[in-house]
Amino acid sequence: MTRQILVKRAVPEMVNMLGAMIDKVYRPEQRPGQGMPKEFPHLFHSGNAHNLFYAEMDSTPVSMVAVLKQTAIIPGAHIPVASIGSVVTLPQYRGQKLATTILKTVFDVMTQEGQALCLISGDRDLYLRQGARKIGRMYTVHVNADMLPRDSPAHGHVRCIESDSRQGYAPLLARIYQQESYRFQRSAEQMAVLLDALWFKRPHFRQELFVIESELSIEGYLVVFVRESQPQHGMIMEWAGNRDRMPGALAYVLRQMNLNDITFHIHAMDQWMKSLAIAHGWGMHEEPIQGTVKVANSDVLIHAYASPLEEETQDIMHLKTLSDEQLLSHLFGPPFDESLNLPFILTDDLNYI
């Protein structure tokens, strides 16, 4: 007899238990509850408990899917999205379709609760079988020291912020972040939490916050991390601000962190940064954004993109006749003649699951 899988939503008192469970799989080197929950503090938060979905065996959680509801910002549109990650089943309970059942429940609930899209961290068959697809475009940029200015006035105006001072910069950095297109909505309070998350303290990683200053204000920032296994290669987890100051800032970061090269991502619609990269001869290649995307509620999605769709003179009633996968392809690609290739958000930053 097949056991019925009952999917539940957590209560605040269960957040620590679920965090400890996921660490057993994804962060076994960490003390349970001190890995993923500390890396993703908004996801594993008592206020977000209702968006942690799980199944249990013998009254113990053994599989889960975590959701963080967010608002994506693109020019002319605010899109309610459900960022989905921390999909896990304890090894001894795999093969029973627990995660598949939870995911189906999550998708149904997100449809009912008015989310336009589900953004899923990863491209496993588990997600693709349920209609998730890779969409959106970004550029991966690779820069080495020879491609950067050796002397620049900007060097003296880039500072590495000490760990005990980072949170104090949250209001200024949140304001810079909020001026970016194609990002998630984020408050100063959320930024402060992220600047003290485990990413800045994770074993075998070195992560630093750099700010780009002018005489009057802070014009930008970069969050850079280096893996212990690749000590001379840096990666930018998040950046924002004045693009013209980036070459000098990157040169400073490479020297300060003793790096040979650095990699970061830019949005496909960021013409300012793309032109800068081309002018400096930086290596750049196009690829899909991180993760996969599934339509949650097509009516909400079409309404959220109403302004861009009007500019494209789209027949809204026709769009409503398309299946979810057809709508996803029609709006966002992958590129082909019938696709509108509408801009999508950059899912590559501190706040994505």
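The values are calculated or read from the model by the stated rules, or taken from the named source; none is laboratory data. Just so you know, these numbers come straight off a predicted model, no measurement behind them. Keep in mind that these areas ignore ligands, DNA and RNA; they rest on the heavy atoms of the full protein, side chains included. Shrake-Rupley method; radii C 1.70, N 1.55, O 1.52, S 1.80 Å.
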For the chain, the accessible surface attributable to carbon and sulfur atoms (probe 1.4 angstrom, ligands and nucleic acids excluded) amounts in percent to 49
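How high is the relative contact order of the stretch 263-341, given as a whole-number percent (alpha carbon pairs under 8 Å, six or more residues apart)? Walk me through the numbers on the way to the answer.
Values: 36 pairs, mean separation 14.9, N = 79.
Contact order relative to length: 19 percent.
Please work out the average accessible area per residue across the stretch 17-92, using the 1.4 Å probe convention, and give it in Å².
36
Going by a ≥ b ≥ c, the root eigenvalues of the Cα gyration tensor, does the chain fall in the rounded group (a/c under 1.5), the prolate group (a/b larger than b/c) or the oblate group?
Oblate, since a/c reaches 1.5 and b/c is not below a/b.
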Which percent, nearest 5, of DSSP beta bridges in the chain are antiparallel?
-> 90
Relative contact order for the stretch 22-177, counting Cα pairs under 8 Å that sit 6 or more residues apart, in percent = 15
Quick one: how many Å² of Met269 are accessible to a 1.4 Å probe, rounded to 10?
-> 90
Give me the lysines in straight-line cross-link reach of Lys201: C-alpha distance below 20 Å, same-chain residues under 8 apart excluded.
-> Lys24, Lys38
With a 1.4 Å probe and every protein chain left in place, work out the accessible area per residue of the stretch 264-305 in Å², rounded to a whole number.
-> 41
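Please give the per residue accessible area of the stretch 309-353, computed with a probe of 1.4 Å over protein heavy atoms only, in Å². Before the final figure, lay out each step's value.
On the way: 2360 Å² over 45 residues.
Here the per-residue accessible area is 52 Å².
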Let me have the relative contact order for the chain, percent, based on Cα pairs under 8 Å that are six or more residues apart.
-> 21
